[in-house]
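Okay, structure first, notes after.
The values are calculated or read from the model by the stated rules, or taken from the named source; none is laboratory data. Nothing here was measured: the structure is a model prediction, and the numbers come from that model. Please note: Cβ atoms are built from the backbone with ideal geometry, for glycine as well, and neighbour counts cover all protein chains shown. Each accessible area value is taken on the protein alone, full model and side chains, heavy atoms only, with ligands, DNA and RNA left out. Shrake-Rupley method; radii C 1.70, N 1.55, O 1.52, S 1.80 Å.
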Amino acid sequence: MDHHCPSPMKATSNGIFQGDNPLDFALPLAILQICLVLVVTRGLAFLLRPLRQPRVIAEVIGGILLGPSVLGRNKGYLNAVFPPKSITILDTLANIGLLFFLFLAGLELDVKSLRQSGKKVLAIAVTGITLPFTLGIGTSFILRGTINKGVNATTFLVFMGVALSITAFPVLARILAELKLLTTDVGRMAMSAAAINDVAAWILLALAIALSGDNLSPVVPLWVFLCGCGFVIGASLIVPPIFKWISRRCHEGEPVDELYICATLAAVLAAGLVTDVIGIHAMFGAFVIGVLLPKEGPFAGVLVEKVEDLVSGLFLPLYFVSSGLKTNVATIQGIQSWGLLVLVIFTACFGKIVGTFIVSLLWKIPKNEALALGFLMNSKGLVELIVLNIGKDRKVLNDQTFAIMVMMALFTTFITTPLVLAVYRPAKMLSKGDYKHRRIERKNPNTELRILTCFRSSRSIPSVINLLEASRGTERGERLSVYAMHLMEFSERPSAILMVHKARHNGLPFWNKGQRSANHVVVAFEAFQQLSQVSVRPMTSISSLSDMHEDICITAEKKNIAMIILPYHKNLRLNGSFESTRPDFHLVNKRVLEHASCSVGIFVDRGLGGTAQISASNVSFSITVLYFGGHDDREALAYGTRMAEHPGVELTVIRFLVESDSSEEIVTIHTEGTSAATLVSADEEFLAAFRTSISDDSSIKYEEKTVRNVSETITILRDYSRCSLFLVGRRPDGVLPLALSQRIDCPELGPVGSLLTSSEYATTASVLVVQQYYDNLYANSSQQRDVASVPEN
């Protein structure tokens, strides 16, 4: 900053045509700065995506690039875009962003889980603070002797100690969620330890700030610290009751009164003002308010959604730039400076990783988990930068020390993700299980059937429940156990983290019997469980769309599932046609079909059984199985037979036979070679067994239809369009499906499924497209068949 006072800038310009340079005015300049920052940081975040780095890293690096280290070497650019007189406004905006962001960070921190965390977590957290703190004090003596001469010793000690001992809670939450470790034991321990660490770091930071004034008497820091404590105690007495009252007034599913939102935001700012007046930085107050807000009920969630995008999207990156403008990497010159940088990085990592590792081993945590914990606790982030910036503003750290510390924070966070991935991959630990029943078709149909059903929104729950009710079969004991998985998409926003916390907090089957959960999804499944004595366990999977299929397949493996039921990726419109709302789910379904180690069904829901949930006594479904031949058709028939045991289900099986024309006969033999005969015989055997088993059952009809071509097939299908559910195979064998597959528009539904969901086939029936799991031995021959039969159509 220049020592002579720059004249204050006017807010808005008169425009370029009146000879004003817009960059001499506060508003256009601020807008330019914001846009520049956004472009740079988002671009970097995109480039770092493959390395699975949290966005904070991109923002810090972006700030450094825009500052004097890289682009700022061009003085013309620096004076045009970030002139000294604009810095005040930039900092003010950045600090407003910071204030609200820390309020959100406080909201993410759950005090209840701190109280419940056991001695183990406490020990890890305490070591994670004390060891680096003492090492930091050691480093500070070296630094003071070399490059950071002439500052108050105690202040510098405390600042260095705090800077080395912080673990960034928000950054850790994002890294854990990104690596899918949030719900694992390691994730839980890391989160709780980081939360304790965070709170301790804030107390130490308040202490450091109190010590670092240009104080004339030793009483001043004491007063500041006492007033700070007084503020925290006062706030914790006043704030929770008021907000409890507010969140009682807000009901789930209704819009929150805008007055409450406004009052909360004002309270955050007021708390910031109070702490600023005391002398311990405005963001301290905002964070305290965030921690004290009750997390139950819809209020906290709505609040976060209202604030997060503007704050963490627009204003917060400014803080990284204002920090980057103070960082000049060029000041790290000479052997001595680089040596000190290495020393600081080494002590920071050593203190955190080794300390955490040893304590974890003492608590009998396995080696790889202990190591992963150490790496996770080593992530730094925003709070670290704040500490350093305050130190720089209070002239405790000089340019060179500041640059060294920023580089340290960047490095430690950057290595977290790759290192954790290297030592700890829970997904990899699951080898192929050796359970038998990976499909519905089996020798003894009276064994337990385990289904994993996935849903994206609560709209589809009634039909899923009706489908499960039909799958229940007879009343003979525990025959069906269901895992219902809510697929949620994960993003880096605070609201996503809050959602993850909720799921984490309740453990993975995400309700506790004790408390009545507000989640209507769970309520629906609980009701169904009581009505029909089927054991249902709801779960939540929170992951980015690119690895959602891993979650689904791993869960199926773990729970010995025989059938995964996925929702079709298009939603039903009112007029009966389908629209694709999220094409990305299309990929999720495709990947599950490829990787699943059990049978998979894709459920195209046209409101099965009406929108209401039907109780067992008055279910009346008519289900039609379309049988052309092949594995998947046999699986569909096996599922249908299973459903037909239910008293309210009528099953019709239609077997399509092709009227033999001499020419067609040649074609079939030509395409399928020897395998055709064996397949047909397998089909015949299966059907024969099926027909003997149903001879005395009045609720099952079996019909054979002989057809000559596709249009006849479609005509027959039209007769059955009144039924409630079609069960079809995904890859049926034979000539007819081949002919049908010429107009296939959705490969994962297969030829028949595509026909039944297409717009020209008018029906209100839902469709379940089944793909049977079979071992590689089968798969190879079937793929050859597919390849062989392509040229013929």
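Yes/no matrix, rows are residues, columns are (1) open to solvent by 30 Å² or more (accessible area, probe 1.4 Å); (2) hydroxyl-bearing (Ser, Thr, Tyr); (3) at pLDDT 95 or above:
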residue: Pro240; (1), (2), (3): no, no, no
residue: Phe243; (1), (2), (3): no, no, no
residue: Ile246; (1), (2), (3): no, no, no
residue: Arg249; (1), (2), (3): yes, no, no
residue: Gly253; (1), (2), (3): yes, no, no
residue: Val256; (1), (2), (3): no, no, no
residue: Leu259; (1), (2), (3): yes, no, no
residue: Thr264; (1), (2), (3): no, yes, no
residue: Leu269; (1), (2), (3): yes, no, yes
Pairs please, first residue from segment 58-80 and in contact (Cβ under 8 Å) with a residue 60 or more places away in the chain, second anywhere and part of a loop (DSSP other than H, G, I, E, B) and buried (at least 17 other Cβ atoms within 10 Å of the Cβ), Cβ atoms under 6 Å, 6+ apart in sequence or on different chains. Ile64/Thr327; Gly67/Leu325; Gly67/Thr327; Pro68/Asn328; Ser69/Asn328
What number of residues in segment 305-333 are part of a helix (DSSP H, G or I), crowded, with 24+ Cβ neighbours inside 10 Å and β-branched (Val, Ile, Thr)? 1
Of the conditions (1) part of a helix (DSSP H, G or I); (2) open to solvent by 20 Å² or more (accessible area, probe 1.4 Å), Gly290 clears all except one; give me its number. (2)
Keeping to segment 536-550, report how many residues are under 27 Å from Ala638 (Cβ atoms) and buried (at least 18 other Cβ atoms within 10 Å of the Cβ). 4
Working carefully through the options Leu114, Leu93, Leu135, Leu107, find the one that is more than 22 Å from Ala163 (Cβ to Cβ) and touching a Gly at 6+ places or on another chain (Cβ under 6 Å). Leu107
Those residues that are crowded, with 23+ Cβ neighbours inside 10 Å and more than 19 Å from Leu99 (Cβ to Cβ), I need them from segment 371-390; list them, please. Ala372, Leu373, Gly374, Phe375, Leu376, Met377, Asn378, Ser379, Lys380
Is one or more of the residues making up segment 169-184 touching an Asp or Glu at 6+ places or on another chain (Cβ under 8 Å), modelled with pLDDT of 85 or more and either assigned to a helix (DSSP H, G or I) or crowded, with 24+ Cβ neighbours inside 10 Å (or both)? no
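Check Val162, Val158, Val151 and return the single one that is in a loop (DSSP other than H, G, I, E, B), under 18 Å from Lys392 (Cβ atoms) and touching a helix residue (DSSP H, G or I) at 6+ places or on another chain (Cβ under 9 Å).
Val151
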For Lys701, state whether it is part of a strand (DSSP E or B), at pLDDT 80 or above and open to solvent by less than 70 Å² (accessible area, probe 1.4 Å). no
Within 20 Å of Ser463 (Cα to Cα) and either of a type outside the set (Lys, Arg) or touching a residue at least 60 places away in the same chain (Cβ under 8 Å) (or both): is that true of Ser577 in this structure? yes
From the list Arg472, Arg504, which one is surrounded by 20 or more Cβ atoms within 10 Å (Cβ to Cβ), within 27 Å of the chain's Cα centre (by Cα) and at pLDDT below 80? Arg504
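Go through segment 638-689 and give me each residue that's part of a helix (DSSP H, G or I), modelled with pLDDT of 55 or more, open to solvent by less than 30 Å² (accessible area, probe 1.4 Å) and more than 20 Å from Tyr773 (Cα to Cα). Talk me through it step by step, then tell me what you get.
Step one: of segment 638-689, the residues part of a helix (DSSP H, G or I) are 638-644, 662-689.
With the extra rule that they be modelled with pLDDT of 55 or more, the set shrinks to 638-644, 677-689.
Now restrict to residues that are open to solvent by less than 30 Å² (accessible area, probe 1.4 Å): 638-640, 642-644, 679, 683, 687.
Ala644 - this is the single residue of segment 638-689 that is part of a helix (DSSP H, G or I), modelled with pLDDT of 55 or more, open to solvent by less than 30 Å² (accessible area, probe 1.4 Å) and more than 20 Å from Tyr773 (Cα to Cα).
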Using beta carbons and a limit of 6 Å, which pairs, at least six apart or on different chains, have the first residue in segment 708-720 and farther than 20 Å from Val767 by Cα and the second one open to solvent by 70 Å² or more (accessible area, probe 1.4 Å) and not in a loop (DSSP other than H, G, I, E, B)? none
Within segment 9-62, take every residue that is farther than 30 Å from Leu419 by Cβ and of a type in the set (Phe, Trp, Tyr) and give me the one that is least open to solvent (accessible area, probe 1.4 Å). Phe25
Under 9 Å between Cβ atoms, which residue pairs at least 6 apart in sequence (or on different chains) link something in segment 353-372 that is in contact (Cβ under 8 Å) with a residue 12 or more places away in the chain and of a type in the set (D, E, K, R) with a partner that is open to solvent by 30 Å² or more (accessible area, probe 1.4 Å) and assigned to a helix (DSSP H, G or I)? Glu369/Asp185; Glu369/Val423
